[in-house]
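Below is one structure, written out as structure tokens; the observations come after it.
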Amino acid sequence: MSGVDPADEGRVATGGGCHCGAVRFEADVPRHVRLLSCNCSMCARTGFLHLIVPHADFRLLSGRDLLTSYRFGTGVAEHLFCKTCGIRSFYQPRSHPDSWSIDFRCLDQGYEIETEIVDFDGRNWEAARAALSER
């Protein structure tokens with residue numbers, strides 16, 4: 001899973017967060033990003049568009065104490081939800097232990113970011129992960 005094009009040098013500082021505004025973050029992202037549209041049991045239900053951002057490029061501004069955690073399957077990925085509004089604006093994916101997966105739909109509007117949406121077969125996670133690494 002790659003959320004950024006390594007050849008892309010232009011970056012933009014973005015802001016985002018949950019629906020109620022209690023959880024807020026900033027992230028530095030390229031101006032062209034690859035988003036993953038996953039069909040796993042969770043993402044298919046929520047419409048999460050994955051933007052992978054290294055931990056070093058992510059800053060949680062508020063709401064740390066309002067995040068609640070949910071793990072399933074292997075228990076490696078940590079899904080974080082706002083206790084107030086229930087939105088998962090970012091989480092720790094098992095595929096990228098050194099990065100966050102931000103829901104692109106939770107970014108504030110108005111940034112000039114070009115997007116490419118790539119389908120990811122999360123129902124067959126292991127095979128899809130291996131195939132994506134080969135790209």
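Here is a yes/no grid of residues against (1) surrounded by 14 or more Cβ atoms within 10 Å (Cβ to Cβ); (2) assigned to a helix (DSSP H, G or I); (3) at pLDDT below 95:
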position: S101; (1), (2), (3): yes, no, no
position: R105; (1), (2), (3): yes, yes, no
position: E112; (1), (2), (3): no, no, yes
position: R123; (1), (2), (3): no, yes, yes
position: A127; (1), (2), (3): no, yes, yes
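With G63, G47, G122 as the choices, which residue is over 17 Å from A22 (Cβ atoms) and either among the hydroxyl-bearing types (S, T, Y) or over 13 Å from the mean Cα position of the chain (by Cα) (or both)? Selected residue: G122, the only one of G63, G47, G122 that is over 17 Å from A22 (Cβ atoms) and either among the hydroxyl-bearing types (S, T, Y) or over 13 Å from the mean Cα position of the chain (by Cα) (or both). Report yes if A127 is touching a residue at least 12 places away in the same chain (Cβ under 8 Å) and among the small types (G, A, S), otherwise no. Judged against the criteria, A127 is not a match. The strands (runs of 3 or more DSSP E) located wholly in the stretch 15-70 that include 2 or more residues which are within 14 Å of Y91 (Cβ to Cβ), at pLDDT 95 or above and among the β-branched types (V, I, T) occupy 49-54. Among the residues making up the stretch 66-89, those that are surrounded by 18 or more Cβ atoms within 10 Å (Cβ to Cβ) and under 10 Å from C18 (Cα atoms) are F81, C82, I87, R88, S89. Beta carbons closer than 7 Å, at least 6 apart along the sequence or on distinct chains, never pair a first residue in the stretch 91-119 that is farther than 19 Å from L60 by Cβ and without any contact (Cβ under 8 Å) to a residue 60 or more places away in the chain with a second that is among the hydrophobic types (A, V, I, L, M, F, W, C) and in a helix (DSSP H, G or I).
Pairs linking a residue in the stretch 66-77 that is in contact (Cβ under 8 Å) with a residue 40 or more places away in the chain to a residue that is among the basic types (K, R), with Cβ atoms under 7 Å and 6 or more positions apart or on different chains, are L66/K83. Please indicate, with yes or no, whether at least one residue in the stretch 70-87 is closer than 26 Å to A13 by Cα, β-branched (V, I, T) and touching a His at 6+ places or on another chain (Cβ under 8 Å). Looking for residues that are closer than 26 Å to A13 by Cα, β-branched (V, I, T) and touching a His at 6+ places or on another chain (Cβ under 8 Å), one finds at least one in the stretch 70-87, hence yes.
The values are calculated or read from the model by the stated rules, or taken from the named source; none is laboratory data. None of these values were measured; they are calculated from a predicted model. With ideal geometry, Cβ positions are generated from the backbone for all residues, glycine too; neighbour counts draw on all protein chains shown.
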